[in-house]
Amino acid sequence: MRPTPRVLGRDPLPGPWRPGGGVPHVWLLPIPDGGAPWPQDDLDAGERARAAGFVRPLHRDRYVAAHAGLRRLLGAYLGRPPAAVELTREPCPGCGEPHGRPAAAGAAFHFSLSHAGERALFAFADAPVGADVEEVQPPSVVAEVARMLHPTETAELDVLPEHARPAAFARCWTRKEAYLKGTGTGLAESPSVTYVGSGPSPASPPGWTIDDVEAGTGYGAAIAVAGSGT
């Protein structure tokens with residue numbers, strides 16, 4: 001069943017995290033162009049430095065909104081001010097160095113953040129979780145990148161009429177990114193390795209559950225949570 005995300009800024013903030021619920025929490029943040037910029041007060045020094053490095057104000061504002069929104073949600077789940085949330089990294093599953101999945105110190109849950117265009121997507125779960133949102137790309141981009149996918153996914157796209165390929169590619173790519181972010185490997189694993197499918201229903205890898213997320217017209221989105229799967 002496709003999760004319906006709660007909308008940050010419209011729906012009430014959550015209460016403290018209660019482990020054992022089993023259902024991931026999914027939040028969406030619309031970041032409209034020309035909207036009032038989010039304040040940077042809650043960001044840490046590293047996040048502020050990253051924000052200052054953007055050349056275009058639009059990209060800076062989107063980054064700040066996504067990361068300030070994440071801190072607002074983390075603070076609500078942890079019962080502490082957003083600025084007091086300490087962000088860390090889990091060990092990389094490949095090399096053991098501390099550049100794996102993002103984490104919050106003292107949290108009894110896992111989380112993932114993704115942002116693209118005018119959307120930011122957040123997922124929180126008891127188990128490792130990955131989230132991804134992407135803008136639907138034009139057919140020319142799809143034709144170029146589709147060769148990087150699992151051979152069966154490439155074949156699925158090839159048989160579709162051209163007008164249907166962008167949405168199918170967006171489904172496939174966001175599922176794949178969400179899964180790879182959830183495992184902590186990221187694109188260290190080639191997109192051609194794991195099959196997640198491009199059709200209406202995701203194909204969950206063993207030990208994982210992938211769900212598409214409704215992110216609005218022009219966007220594809222998905223989350224992947226460790227556990228279940230086929």
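The values are calculated or read from the model by the stated rules, or taken from the named source; none is laboratory data. These figures come from a predicted structure and were not determined experimentally. As a convention, Cβ positions derive from the backbone with ideal geometry for all residues, glycine included, and neighbour counts pool all protein chains shown. Accessible surface is based on the protein model in full, side chains and every heavy atom, while ligands, DNA and RNA are left aside. Shrake-Rupley method; radii C 1.70, N 1.55, O 1.52, S 1.80 Å.
Given the options 146, 108, 103, 120, name the one that is open to solvent by less than 60 Å² (accessible area, probe 1.4 Å), small (Gly, Ala, Ser) and either touching a Phe, Trp or Tyr at 6+ places or on another chain (Cβ under 7 Å) or not in a strand (DSSP E or B) (or both).
Answer to the selection: 146.
Give the residues of the range 1-19 that are open to solvent by less than 70 Å² (accessible area, probe 1.4 Å) and of a type outside the set (Phe, Trp, Tyr), sorted by residue number.
3, 5, 7, 8, 11, 14, 15
Restricting to the range 123-143, and then to whatever is acidic (Asp, Glu) and out of contact with any Pro (no Cβ under 6 Å at 6 or more places or on another chain), can you tell me which residue is least open to solvent (accessible area, probe 1.4 Å)?
Of all residues in the range 123-143, those acidic (Asp, Glu) come to 126, 132, 134-135.
Checking the rest, the ones that are also out of contact with any Pro (no Cβ under 6 Å at 6 or more places or on another chain) come to 132, 134-135.
Working: 132: 6, 134: 54, 135: 85 Å².
Filtering first and then ranking leaves 132.
Does the range 197-204 contain at least one residue that is touching a residue at least 40 places away in the same chain (Cβ under 8 Å), on the phi < 0 side of the Ramachandran plot, surrounded by fewer than 24 Cβ atoms within 10 Å (Cβ to Cβ) and in contact with a helix residue (DSSP H, G or I) (Cβ under 7 Å, 6 or more places away or on another chain)?
Yes - at least one qualifying residue is present in the range 197-204.
Output the number of residues of the range 42-58 satisfying the condition of being closer than 23 Å to residue 8 by Cα and either among the aliphatic types (A, V, I, L, M) or modelled with pLDDT under 95 (or both).
Result for the range 42-58: 4.
Kindly provide the set of residues from the range 20-43 that are among the acidic types (Asp, Glu) and open to solvent by 60 Å² or more (accessible area, probe 1.4 Å), ordered by number.
The answer is 33, 41.
Only one of (1) touching a helix residue (DSSP H, G or I) at 6+ places or on another chain (Cβ under 8 Å); (2) open to solvent by less than 40 Å² (accessible area, probe 1.4 Å) fails for residue 170. Which number is that?
Condition not satisfied by residue 170: (1).
Among the listed residues 160, 113, 58, which satisfies the condition of being free of Cβ contacts under 8 Å to residues at least 40 places away in the same chain, outside any helix (DSSP H, G or I) and open to solvent by 10 Å² or more (accessible area, probe 1.4 Å)?
160
For residue 217, state whether it is outside any loop (DSSP other than H, G, I, E, B), open to solvent by 20 Å² or more (accessible area, probe 1.4 Å), without any contact (Cβ under 8 Å) to a residue 24 or more places away in the chain and closer than 18 Å to residue 121 by Cβ.
Considered against the rule, which asks whether it is outside any loop (DSSP other than H, G, I, E, B), open to solvent by 20 Å² or more (accessible area, probe 1.4 Å), without any contact (Cβ under 8 Å) to a residue 24 or more places away in the chain and closer than 18 Å to residue 121 by Cβ, residue 217 comes out as no.
Specify which of the listed residues (187, 180) is closer than 23 Å to residue 117 by Cα, of a type in the set (A, V, I, L, M) and open to solvent by 30 Å² or more (accessible area, probe 1.4 Å).
On the way: 180 fails: open to solvent by 30 Å² or more (accessible area, probe 1.4 Å).
None of the others qualify; the one that does is 187.
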